[in-house]
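Scroll down for the structure; my scribbles are underneath it.
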Amino acid sequence: MPHFMASILRHAIQGDPNHFTLDILHHMNAKIARRLTKLLALVDNKEYLTITTPVLAIKELNTTLERRWRSLQEILAIKPQWKAPAPPLFRGCTTIHFFNSNEYLKQVLTRQSYLKTTGVSYSNDETVERLRSSYQPRLMQSASQLPKFSGAKELQICLFDTENWIDVHLPSWKTSSARSIKDALPIFRLIEWYRATASKLYEGNPERLSLMHLCVIELWVALDELVTSWCPLLTEYSPEIPEKFLEPLLLPQLSQMKRLRDIQKYLHGRHEKARLHGNLSIFANENSHTSFASRFFDTSLSTQLVALENRIHKSAAKQKQKKLEELAEINLKYDHLMKQANLLQCTWTTGKKKNCKCPKCKLLKSARGIRIFPFEDLLPSSPNLARPIVFELECPAGFAIWRDATFDILSLAQPDDVPSFNAELYPLNEYDTVKDYFKPEYQGNGVALASSTKSIHRSHYGKGHSVPATESDVIFQHAGRFQLFHAASRKWVAPINDATIQPGCTFKLEGVYETLQAYLNETTHSPNSILAALIHCPLDLSHREFVAFGQSRSGNRLQWRNLMRSIRSQSLSFSDPSVCALVLQMIWQAGPEETIGTSEQESVYREAHQDLLEVNFTSQVIEELNFAVASLQENWKQLLQLAAIIAIAMRVHCFAPSPFIKESALELLLNARNLATRWIESIMKLDQDFCITIHIRL
């Protein structure tokens, strides 16, 4: 092997210097040298040619490296010779012309008054009065009614009021004895308005989008409680919202984490009960006996639907009997005309026979022109296929609202690459046999039934059948093949198992850190995967910082300790916005639930923030943050690092159960505030000095 490697090395020495650079030759030399150290006892023995050849190659390489190094030193030793430009060229560069600024310069030279520097005085009363005069009156909030913002102008204020109402008043609103299934539509309209407004105004802000998702699911829980209390059968079906749906949320406040715990506790109970009954889905198997629509007929709420089903069956039987009577009558008429025609002789003599107008041909033409239009059964013969259709014809408003709200929440969290269905569809409210029975309970049914096949009346059979005809030529089974369909998105409805809100709840990295986005999104990657990815490290980022950034979120339970290690070692550039985003993602993201502990407090802290329950750890965090604040001093360019320190301190203050730690965190925040105040004063002084300098020059 050393002999073979030496032959390759000699070819490299004789090769193109631009291709086999000094560093490549050096590494090849090191590889051979390492091999030879294992055969050290044989190196000086000239009898072993396989050993002497590598030694000679190494000596040849050393000579080559020294020669190239000397030539490089000679090139660098040459001093650059500066040649002064010619005088005409030099004089031309000393004159500057402002052809388009002549008028402005004249105004500056003749100016009598100058801009005055603004003062630093601030009046809180004047500011409050100015804000009150510019904003519309705020609506009074109450637990007895939902917030209403029709025609509101300050949408940001409306969103804040809605979020405050959900936090403060929604629990009381849900438990009020005045609640009924009639409240389902108003709360659904609130969900629609809030989600549509907040998603636009909060776009690009992961923290606010996280709060939006939290509030939407809280409203959905209230809706779900209303509908399940009205129809307990729904509790035997999956709530469709995954139990881990809200894990990516960024929640800075402890109260928000408690609200998340309550939501997931409710979802866990709903999923547990659904699993006991087979974990059936509302959006699947709609044509089976286990579907919600089929089983709804066995409840006490189905009186109206059972009456509708009987009415449709009676009407179908009546129409079918009428069509059979029509068939018998037409066949008799046909036979009568044909008998009359058979008694006559055709008197055709000249011209085309089809134009013959003799009595016989007229009778034959009349008989052959008789047609009968088909009858299609109003409903399928199978109850499993018929009852979902009847159910959707007069779908209970409470269930339709719940289904639309659930599907809207999941569909907006579905990946964008889901294809839409472009084939021709036949919605239930337009299907010929049952469209007269369709009665929407509320405006805006998003999820409904649609058939992938057309009715008999729209097919080629709808043109009528000639006589004589049999019953099988005229009487047809129901031809519709119905599935759940969402009209707005033109998609078939199916259980959405891959719904995730993670992209909107994750900060986006920029610049050289953009290649590390995958390591910010998740906490499941291993430390070794970061080392293996060093080949993708940008040139403007050091390997040390690349590894430190990537390993910060390696392990959900280790995030806080990794963060404090980075602060202590200063292995990250905390003045960069992407690093600040990393810190916020680590300390704010809720993450998976704690699976080891069972107490209420541990479930609030989740898996990622259990370290904040330890007094020793949080005291060390405060100590490190105090040291970091002290190291900043007058370096106001480290604004983002101070912001990250403040965010960490506020998180510790909110989550630490120890009063001593809370007091220490408040003291740290006060020091950080004083430092920020000094920075502001320093910058204002620099601004004033700059304005004075400009004034003097003018």
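List of remarks:
- Only Cα pairs under 8 Å and 6+ residues apart enter the sum, and on that basis the relative contact order of the range 449-584 stands at 18 percent.
- For the range 333-413, alpha-carbon Rg over 2.2 N^0.38 Å: 2.44
- Taking 0.36 nm per residue of sequence separation and removing the Cα-Cα distance, the Glu207/Leu72 pair yields an extension gain of 43.0 nm.
- Under the criterion of Cα pairs below 8 Å and six or more residues apart, the relative contact order for the chain equals 11 percent.
- Stokes-Einstein diffusion for the chain at 4 °C, viscosity 1.567 mPa s, with a Kirkwood radius from C-alpha pairs, works out to 37 µm²/s.
- Radius of gyration (Cα atoms) of the range 486-591, expressed as a multiple of 2.2 N^0.38 Å: 1.27.
- The spacing between the range 220-271 and the range 315-331, judged by their C-alpha centroids, is 54 Å.
- Of the accessible area of the chain, computed with a 1.4 Å probe over protein heavy atoms only, carbon and sulfur atoms account for 56 percent.
- For the chain, adding -39500 (n - 2.57) for each run of n ≥ 4 DSSP H residues and dividing by the number of residues yields -17500 deg cm²/dmol at 222 nm.
- Secondary structure note: in the chain, about 80% of the DSSP beta bridges are antiparallel.
- Nearest-20 debye value, the chain charge dipole, Cβ charges on Lys, Arg, Asp, Glu: 3020
- For the range 145-195, size of Cβ-based charge dipole, Lys and Arg +1, Asp and Glu -1, in debye: 240
- Entry comment: accessible area of the chain is 58 Å² per residue, from protein heavy atoms only and a probe of 1.4 Å.
- Normalised alpha carbon radius of gyration of the range 207-306 [divisor 2.2 N^0.38 Å]: 1.25
- Here the label points at Glu514 and Gln414, each 7 Å from Cα along the C-beta direction, are separated by 3.1 nm in the simple model.
- The modelled label-to-label distance for the pair Lys318/Arg568, using points 7 Å beyond Cα in the direction of Cβ, is 8.6 nm.
The values are calculated or read from the model by the stated rules, or taken from the named source; none is laboratory data. Computed from a prediction, not measured in an experiment: that's the story for all the values here. Ideal geometry is used to build each Cβ from the backbone, glycine not excepted, and the neighbour counts take in all protein chains shown. The protein model used for the area step is the full one, side chains on, heavy atoms only, and it has no ligands, DNA or RNA in it. Shrake-Rupley method; radii C 1.70, N 1.55, O 1.52, S 1.80 Å.
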